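Trainee: Submitted below is the structure of interest, expressed as C-alpha cells.
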Amino acid sequence: MNQNTTPDNQTILLIDAFLQGTISDEQQQQLEQLLAADPEQRQLYIDYMQVHNGLASWANETLASEDWIPQPPTDDHPSPLNTTRFLLILGSSLIAATLLLSLAYYAGWNTRPDNLPFMADTAPENQSNEISTPQTDHIALLTQAVGVEWDTNRNLQAGAGLSAGWLKLKQGTIQVELISGASILIEGPAAVKLISPLKAFCQYGKVRASVPEQAHGFTMETSRLNVVDLGTEFTLSLDQSGSGQVQVIDGKVELHSPDSQTTQANIQSLTTGEGVQFDQRGTIDRLQKAMLPFIDSEELSQLVEQQQAQQFKRWQEQNTMLKADPSIIAYYDFEESSNWLRTLNNKSQQKPSSSTNGAIVGCQWTSGRWPQKGSLEFKRTSDRVRTHIPGEYQSLTFMAWVRIEGFDRWLSSLMLTDGYKPGNPHWQLSDKGEMILGVKTGPGKNYFSPVVLQPTDLGRWIFLVTVYDHQKQEVVHYLDGVAVSHHKIENPIPLVIGPAEIGNWRPQEHTGAHSIRSLNGRLDEFALFGRALPAEEILQLYQSGKPNS
C-alpha cells in the first residue's frame, strides 16, 4: 500500500457506515474511490465481506431476524452503494453482511457510537444476583406452609424447591423435606439455614426433625451444640440468645460440641424421652420437665386443610365480583360442571360473544390451587385452549394463575394470537424466567421483564399479570402482585386479538423450532381486562387468590 492510501481502519469505518445505512454521499464517494484505486483495500473489503457472509449464513439458518421471534427489533436499510460494477458483483456479500448486522442488533452487540448495547429492554441496574442468576442445586422441598409470614424478600409457597441457604420466618409453620429423606418442621419466629441434605443450622426457633434410616446422621447445628440424629425423631427449641432445649421423641441422638474438637469422651447420648437444656455459656443440664408439645405432621396437615378451605372461600367471593366486572372481556375460572366437558366457558357477564368460550384440545382436568378447585394440565405439544376475542382495545390487562412444571423450550405460551399482524399481542415466558409481551408494531416490539422466575418457582402456583396501558404509554409486568418491570411504549397502538390460543400457539405463517411454544404446567384462572388495572387492584387480586394465607 502506498503512503497516500487511507489506513485500513478508516476503510473499515466506511464499510461499517455503509452496512448501517448511515453513510453520507461524500463517504460513499470516498469508499468507491478507495476500492477502485487500491487493490489492497479491495482485498480488505473482500475479506471483511467473506467473514460477514459466513456468519450471516448461520444467522439466516437460525431465523434470528424474524420479528415473530421475540428479539429486539432493528431497522433494515436499503443499499445506497450501487454505482460501480465492482460493487454490484459483491451484492450478495452485502446482503449477507446486512443480515449479520441485524443479528448483531438482535444479540445486543455493541454497534452504536455511544458504546452502549442495543437491547429492547435491559434489566434494572440494581437487579440483584439472587434474582438474575438462577440456582438449580435444590437440596430440599417446601412441602407445607401454614400462616407463614416470611422474613425474606421472596414469598415461598408449598411446592417450591430449596437450595442451600436461610429460611427465615416471622410467624407460621413450614415443613421441609430434604433429599436425604429427613423431614423438619419449623415454627416461627425462626431462622434455619439449610447446609446440605444431611445438615442444617438453627439460629433460633422451634424445630421438629423426623429422620428415617436413609438419613442416618442428619445433624442440626446450633452455636452451642450439634444434635446428630441416629433415628428417628427429636425436637429443638432455641431462643435468640442461644439458650435452648433438646428432647428425643423416639430413638436416639448424640450431642456434639460445635467446634472441631469433638471426641468420643465429650459426646453425650440421649434416648427416647430424654432431653437437655443449655444456655449461651454452653452449660448443659438434664431437662427437668418435658418440653411443651410441638406440632407434628398430622396436625400441620389438618391446619393446612383448614387454611385451604378459608382461602378457597375468599377466592370464591372474588370470583363472583370478577364475573360482574364490566371491563372484563374474557374470564376463565376453570370451574366447569363436569370434567367431561371440552369447553372452557367465558364466565364474564359482559362477554362479547360465544366465540370467546375456549375449545379444550388435549388438556386434562386436574386439581388447581386447592384440592376442590379445577385446573387444566398442559403437558403435550398438542395441548391448548382455542378461543376468539373480537374487538380492538386501547389498553389490556393479561392475568393468569399458573403452575410451571418446567421450561421445555425457549418460549412458553400464556396467550398468543394465531398470527402476528399489526396490533397482535403475544404473552409468553422465556426459559430464562422472563415475562414477555410482544406487540406487532411495524417490525414488532417485545417488552422483556428481568429474570423473575427461579427454579424455586417451578411446581408452585404463581400469579402473572402484564398491563398494556395506552394512556400512560407503558407496559408493566407483575409477579405475585408486585411490579417487576416498567417499559415505555414508544408508539402505542390499539391491540387486536382475534383467533388465539392459551398455553400454546398455532402460527399461521411461521414454521421452525421457535414456532413450538407449548406450556408445561397448569392453569386454573385466566382473565383479559379491557383496561389497565392499577397496582393496588392487582395486589388485591393476588391477596384474595393466593393458595396460602
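The values are calculated or read from the model by the stated rules, or taken from the named source; none is laboratory data. Note that the structure is a prediction, hence the values are computed from the model and not measured. All Cβ positions, glycine included, derive from the backbone under ideal geometry; neighbour counts span all protein chains shown. Just so you know, the surface numbers come from the protein's heavy atoms only, side chains and all, with ligands and any DNA or RNA stripped out. Shrake-Rupley method; radii C 1.70, N 1.55, O 1.52, S 1.80 Å.
Trainee: Hey, does the range 528-541 have a residue that's of a type in the set (D, E, K, R), part of a helix (DSSP H, G or I) and open to solvent by 40 Å² or more (accessible area, probe 1.4 Å)?
Mentor: yes
Trainee: Please go through the range 268-318 and give me each residue that is touching a helix residue (DSSP H, G or I) at 6+ places or on another chain (Cβ under 9 Å) and part of a helix (DSSP H, G or I), ordered by number.
Mentor: GLN311, ARG314, TRP315, GLU317, GLN318
Trainee: Sticking with this structure for a sec: Residues of the range 463-501 being under 12 Å from the mean Cα position of the chain (by Cα) and either open to solvent by 10 Å² or more (accessible area, probe 1.4 Å) or modelled with pLDDT under 95 (or both), which ones?
Mentor: TYR478, LEU479, ASP480, VAL484 - these are the residues of the range 463-501 that are under 12 Å from the mean Cα position of the chain (by Cα) and either open to solvent by 10 Å² or more (accessible area, probe 1.4 Å) or modelled with pLDDT under 95 (or both).
Trainee: Name the single residue that is modelled with the lowest pLDDT among those in the range 502-549 being basic (Lys, Arg) and within 16 Å of VAL361 (Cα to Cα).
Mentor: Here the answer is ARG506.
Trainee: While we're on this one: Return yes when GLN171 is closer than 16 Å to VAL304 by Cβ and under 25 Å from the mean Cα position of the chain (by Cα) and no when it is not.
Mentor: no
Trainee: So, one more: If I ask for residues that are in contact with an Asp or Glu (Cβ under 9 Å, 6 or more places away or on another chain) and either polar (S, T, N, Q) or at pLDDT 90 or above (or both), which ones from the range 419-437 would you list?
Mentor: GLY423, ASN424, ASP431, GLY433
Trainee: Still on this structure, I have one more. Can you report the number of residues in the range 21-47 which are of a type in the set (Gly, Ala, Ser) and part of a helix (DSSP H, G or I)?
Mentor: Within the range 21-47, residues that are of a type in the set (Gly, Ala, Ser) and part of a helix (DSSP H, G or I) number 2.
Trainee: Same structure, new question: Among the residues of the range 176-195, is there at least one that is open to solvent by 50 Å² or more (accessible area, probe 1.4 Å), outside any strand (DSSP E or B) and without any contact (Cβ under 8 Å) to a residue 40 or more places away in the chain?
Mentor: no
Trainee: Got at least one residue in the range 446-455 being under 18 Å from GLU501 (Cα atoms), in contact with a strand residue (DSSP E or B) (Cβ under 6 Å, 6 or more places away or on another chain) and at pLDDT 95 or above?
Mentor: There is no residue in the range 446-455 that is under 18 Å from GLU501 (Cα atoms), in contact with a strand residue (DSSP E or B) (Cβ under 6 Å, 6 or more places away or on another chain) and at pLDDT 95 or above.
Trainee: Can you tell which of GLN277, GLN316, GLN302, GLN307 is closer than 30 Å to TYR542 by Cβ and either surrounded by 17 or more Cβ atoms within 10 Å (Cβ to Cβ) or in contact with a Phe, Trp or Tyr (Cβ under 8 Å, 6 or more places away or on another chain) (or both)?
Mentor: Just one listed residue meets the conditions, GLN307.
Trainee: Tell me, which strands (runs of 3 or more DSSP E) lie completely within the range 360-418 with 2 or more residues that are surrounded by fewer than 18 Cβ atoms within 10 Å (Cβ to Cβ)?
Mentor: Those strands (runs of 3 or more DSSP E) span 364-367, 384-393.
Trainee: Ok, one more. Is it the case that some residue within the range 308-322 is of a type in the set (Phe, Trp, Tyr), touching a strand residue (DSSP E or B) at 6+ places or on another chain (Cβ under 9 Å) and within 24 Å of ARG506 (Cβ to Cβ)?
Mentor: Taking every residue of the range 308-322 in turn, none turns out to be of a type in the set (Phe, Trp, Tyr), touching a strand residue (DSSP E or B) at 6+ places or on another chain (Cβ under 9 Å) and within 24 Å of ARG506 (Cβ to Cβ).
Trainee: Can you pull out the residues in the range 399-422 that are over 19 Å from THR441 (Cβ atoms) and among the basic types (Lys, Arg)?
Mentor: Across the range 399-422, the qualifying residues are ARG403, ARG409.
Trainee: Now a separate question. Please specify each residue of the range 419-438 satisfying the condition of being assigned to a loop (DSSP other than H, G, I, E, B) and free of Cβ contacts under 8 Å to residues at least 60 places away in the same chain.
Mentor: Scanning the range 419-438 gives a single hit, ASP431.
Trainee: Now a separate question. For the range 323-335, indicate whether the set of residues that are open to solvent by 20 Å² or more (accessible area, probe 1.4 Å) and under 14 Å from TRP401 (Cβ atoms) is non-empty.
Mentor: Checked the range 323-335: at least one residue is open to solvent by 20 Å² or more (accessible area, probe 1.4 Å) and under 14 Å from TRP401 (Cβ atoms).
Trainee: From the list VAL465, VAL482, VAL402, which one is in contact with a helix residue (DSSP H, G or I) (Cβ under 6 Å, 6 or more places away or on another chain) and under 30 Å from ALA145 (Cβ atoms)?
Mentor: When all the criteria are applied, what remains is VAL465.
Trainee: Looking at (1) open to solvent by 10 Å² or more (accessible area, probe 1.4 Å); (2) touching a strand residue (DSSP E or B) at 6+ places or on another chain (Cβ under 9 Å); (3) not in a strand (DSSP E or B), which is the only condition GLY242 fails?
Mentor: Looking at each condition in turn, GLY242 falls short on (1).
Trainee: Still on this structure, please answer the following. State which residue is farthest from VAL385 (Cα to Cα) when the search covers only the range 331-343 and only residues that are modelled with pLDDT of 95 or more and outside any loop (DSSP other than H, G, I, E, B).
Mentor: Restricting to residues being modelled with pLDDT of 95 or more and outside any loop (DSSP other than H, G, I, E, B), the top hit is TYR331.
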